[in-house]
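Beneath this line is the structure, given in structure tokens, with notes to follow.
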Amino acid sequence: MKLDSLRQLGLNDREINIYRALLRLGPASIRDVAAESGVNRGSTYETLKKLAGKGVVNYFPRGKRRVFQAEDPEQLLQLGERRQQALSLAMEQLRSEVIPELKQTQAEFSPGNVRFYEGDDGVEFVLRDILNSTARDPQRGYAVISTKTLREHLYRPFPNFTRQRENRGIQVRVIAVGEGGDEAEYAERKWLPASDTADASYIAIYPPKVAMITLADNDYPVVVIIDSAAIASTQQILFDTLWQLL
């Protein structure tokens, strides 16, 4: 049985184990649930209370004891809907209130505005960050300067990057250093002549960020992201000037 969907509802493995034990048992005492699930009685009781709070377990008195029973599994859908509604509300509050307030308290620039990454994971992080950041204004898009020597390594960890960019309608202007570079939708490209041995470099300008990728020994990617509106603005001016000259 795949349990990931239950974990996404906020249920941990112990809660899932005890809920399934209750389904098998029907109405049962804490002792019976503990025996069926293999969890000690104290932890079983605390877990049952949490499950009751989430609406997937109920209880009723039988003599001097409490008897617990599992709600119908359909209740899990309601738990998911409540969680989804709460998440949607939290996301809206993040966008409209929390993030703007936090940004007001953020220092304009600090060492934390410069981040370093390594390997294919670092490259994939940059590419996803570009998509997520520019999706807010796809027509404005972003700008790239890319050398031929890096191009073949760029999309190795994220081979469907271009398709996702096209699906979102994100514009990109590319200055290709050296020959090559595939044509794509929503992309404009100009070329700078360079030898095939030019140093590997990829610079993405997507204000307020600038990302730079190069290769260390054995074609190992090294990544730097600078989160600075001032630096991104200057890089954009330089790019736009060069773009007009080509």
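Worth pointing out:
- Principal axes of segment 1-107: Cα extent on each, largest first, Å: 59, 25, 24
- Alpha-carbon radius of gyration plus Dmax, which is the widest Cα pair, for segment 146-246 in Å: 13.7, 36
- Every Cα-Cα pair of segment 170-209 was included, and the share exceeding 11 Å stands at 69 percent.
- Residue-wise HN-Hα couplings along segment 113-129, as the Karplus relation 6.51 cos²θ - 1.76 cosθ + 1.60 with θ = phi - 60° gives them from phi, are 7, 10, 10, 10, 9, 9, x, 4, 4, x, 5, 4, 4, 4, 4, 5, 5 Hz; Gly and Pro carry x.
- For segment 11-166, size of Cβ-based charge dipole, Lys and Arg +1, Asp and Glu -1, in debye: 620
- Whole-percent carbon and sulfur share, accessible surface of segment 36-82, 1.4 Å: 47
- Solvent-free Debye calculation, one equal scatterer per alpha-carbon of segment 189-246: log10 I(q)/I(0) at 0.28, 0.30 Å⁻¹ equals -1.10, -1.13.
- Listed residue (Gly63, Ile18, Thr44) projecting farthest to the positive dipole end of the chain, Cβ model: Gly63
- Diffusion coefficient, µm² s⁻¹, Stokes-Einstein with Kirkwood Rh over alpha-carbon pairs of segment 66-150 at 20 °C and 1.002 mPa s: 119
- Across the alpha-carbon set of segment 101-199, the Rg to Rh ratio works out to 1.02, Rh being the Kirkwood radius.
- Each of Ser233, Tyr206, Pro221 was scored by the projection of its Cα onto the charge dipole of segment 180-246, and the greatest displacement toward the positive side belongs to Ser233; charges sit on the C-beta of Lys, Arg, Asp and Glu.
- Förster-model FRET efficiency, 22 Å R0, Ser195 and Arg156, C-beta, rounded to 0.05: 0.45
- Inverting the pair-averaged 1/r between distinct Cα atoms of the chain gives 22.5 Å as its Kirkwood hydrodynamic radius.
- Here the extension length gained between Gln78 and Asp217 equals 44.7 nm, from 0.36 nm per residue of separation less the Cα-Cα distance.
- Coordinate range of the alpha-carbon atoms in segment 31-87 per principal axis, descending: 37, 23, 16 Å.
- Computed Kirkwood radius, in angstrom, where 1/r is averaged over Cα pairs of segment 142-181: 11.0
- Reported value for segment 15-60: 61 Å³ per residue, from the convex hull of its C-alpha atoms.
- Between 0 and 90°, nearest 10: helix 13-25 axis offset from the chain longest Cα axis: 40
- Between Lys148, Lys209, Lys49, the Gaussian network model of the chain with springs among Cα atoms under 10 angstrom shows the greatest mean-square fluctuation at Lys49.
The values are calculated or read from the model by the stated rules, or taken from the named source; none is laboratory data. Predicted model only: the values in this text are computed from it and were never measured. So basically every Cβ, Gly included, is an ideal-geometry build from the backbone, and we count neighbours across all protein chains shown. Keep in mind that these areas ignore ligands, DNA and RNA; they rest on the heavy atoms of the full protein, side chains included. Shrake-Rupley method; radii C 1.70, N 1.55, O 1.52, S 1.80 Å.
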